[in-house]
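Take a look at the structure below.
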Amino acid sequence: MIEMRKVIFAFILGMIVGSGVFLVPKTITKSPEINGQMFIGRQDIYYAGYPGDVIELHVYWIRKMGNMSAVYGVRDLPKCLNLLTIVPSHDIIGEGIEEYKFIILLQLRKEGKCIADDAKFVLRSGNIEVKIPMRIVAYGVKESGKLRVDTSKVAEIGSEGKLDGSRLEYEIYNPTNSTVYIKGVRVEIPGIRVVDFSPFEIPPKTSRVLTFALKDERSTKTNIVFIRPLLLYTIDSKTIEMPLGEYRFEIIPSYNDVIRLLSDKTLVIVK
């Protein structure tokens, strides 16, 4: 009950702030006034969807257990994205260590490309203020696609791994009476490319598997990447854009790594 009151209190304070988002630089700052805490939230996002779709982002605050009060929010969103709410959850991940996960719900408001270069998740707790930038490229699709898409691989969440070489698979069904030509897949995150893709056809009333890999050439990599690719296909001489399924990549330190990093009097901000 006490922990639930903490979460409710933090949520109310966060809603008061209203507008803020955090991306974290990988730095370790030592101060005699700060207990061990870790923030994981810097992320690269490409989201293709329809106007009205909800984009779910995650930020993590891992800390030694103790009294907690915080004010948080998302700042500097462009007009094409609307902050719906921020929902906090709380978990004990090991002896003396707790994790707050902030679920940020954004709504895509319009068609066309939407770029958020300056968006930040901001949290204030005591004498700490953390600003985590989030690089978001969203794309609003004009019309519903004619194909049915089933996602085979939707997430990689763990304490280790890398985005480079990740392979995504989608089973695509063509319900029409015309042959569909799959032209390409688009992911617009600087430094991340779609590779191992070859165009192909899907006959009427037939399913085919679309597969491709991600090449990660970013100079600065993040622990969180969230992608909803855009599919381009041709039917009856018309090119149509259509969102595929979501793919979430999150690297969260293991408990042993958390214990090692959260030494006394240290604030850790992880990319």
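The values are calculated or read from the model by the stated rules, or taken from the named source; none is laboratory data. The structure presented is a predicted model; accordingly, all values stated were derived computationally and were not measured. Cβ sites come from the backbone with ideal geometry, for glycine too, and all protein chains shown count toward neighbours.
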* Asked: Do the conditions hold for Lys131, that is, is it closer than 14 Å to Ile45 by Cα and crowded, with 17+ Cβ neighbours inside 10 Å?
  -> no
* Structure fact -> Every listed condition ((1) surrounded by fewer than 14 Cβ atoms within 10 Å (Cβ to Cβ); (2) closer than 15 Å to Pro243 by Cα; (3) of a type in the set (D, E, K, R)) holds for Lys146 save (1)
* Within region 64-89, track down each residue that is of a type in the set (Val, Ile, Thr) and over 11 Å from Ile104 (Cα atoms). => Val71
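Can you name every residue in region 161-219 that is of a type in the set (S, T, N, Q) and either in a strand (DSSP E or B) or touching a strand residue (DSSP E or B) at 6+ places or on another chain (Cβ under 6 Å) (or both)?
Within region 161-219, the first condition is being of a type in the set (S, T, N, Q), and the residues that meet it are 166, 174, 176-179, 198, 206-207, 211, 219.
Of everything in region 161-219, those that are of a type in the set (S, T, N, Q) and either in a strand (DSSP E or B) or touching a strand residue (DSSP E or B) at 6+ places or on another chain (Cβ under 6 Å) (or both) turn out to be Ser166, Asn174, Ser178, Thr179, Thr206, Ser207, Thr211.
Yes or no, residue by residue, for (1) under 26 Å from Gly158 (Cα atoms); (2) at pLDDT 85 or above; (3) part of a strand (DSSP E or B):
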{"residue": "Pro32", "(1), (2), (3)": "no, no, no"}
{"residue": "Asn35", "(1), (2), (3)": "yes, no, no"}
{"residue": "Asp44", "(1), (2), (3)": "yes, yes, yes"}
{"residue": "Ile55", "(1), (2), (3)": "yes, yes, yes"}
{"residue": "Val59", "(1), (2), (3)": "yes, yes, yes"}
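Given the criterion closer than 23 Å to Ile251 by Cβ and not assigned by TED's automatic domain parsing to the domain that holds Arg218, identify the matching residue among Gly36, Gly49, Gly66. Steps first, answer last, please.
On the way: Gly49 fails: closer than 23 Å to Ile251 by Cβ; Gly66 fails: closer than 23 Å to Ile251 by Cβ.
Checking each option against the conditions leaves just Gly36.
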* Sort out which residues of region 220-240 are out of contact with any Asp or Glu (no Cβ under 8 Å at 6 or more places or on another chain) and assigned to a strand (DSSP E or B), and write them in order of number. => Tyr233, Thr234, Ile235, Lys238, Thr239
* To do: Can you tell me which residue among Val59, Val130, Val122, Val137 is of a type outside the set (Lys, Arg), more than 26 Å from Asp257 (Cα to Cα) and out of contact with any Pro (no Cβ under 7 Å at 6 or more places or on another chain)?
  => Val137
* Asked: Out of region 61-79, which residues are outside any strand (DSSP E or B) and either crowded, with 20+ Cβ neighbours inside 10 Å or charged (D, E, K, R) (or both)?
  -> Ala70, Asp76, Leu77, Lys79
* Asked: Does at least one position in region 161-181 carry a residue that is under 19 Å from Ile235 (Cβ atoms), in contact with a Phe, Trp or Tyr (Cβ under 7 Å, 6 or more places away or on another chain) and not charged (D, E, K, R)?
  -> yes
* Is region 247-270 home to any residue that is closer than 15 Å to Ile45 by Cα, among the charged types (D, E, K, R) and surrounded by fewer than 16 Cβ atoms within 10 Å (Cβ to Cβ)? -> no
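Please go through region 50-76 and pick out each residue that is among the hydroxyl-bearing types (Ser, Thr, Tyr) and over 17 Å from His90 (Cα atoms). Walk me through how you get there before you give the answer.
Keep residues of region 50-76 that are among the hydroxyl-bearing types (Ser, Thr, Tyr), which gives 50, 60, 69, 72.
Correct list: Tyr50 only.
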* Number of positions in region 209-255 that are within 30 Å of Thr179 (Cα to Cα), modelled with pLDDT under 95 and of a type in the set (Lys, Arg) -> 1
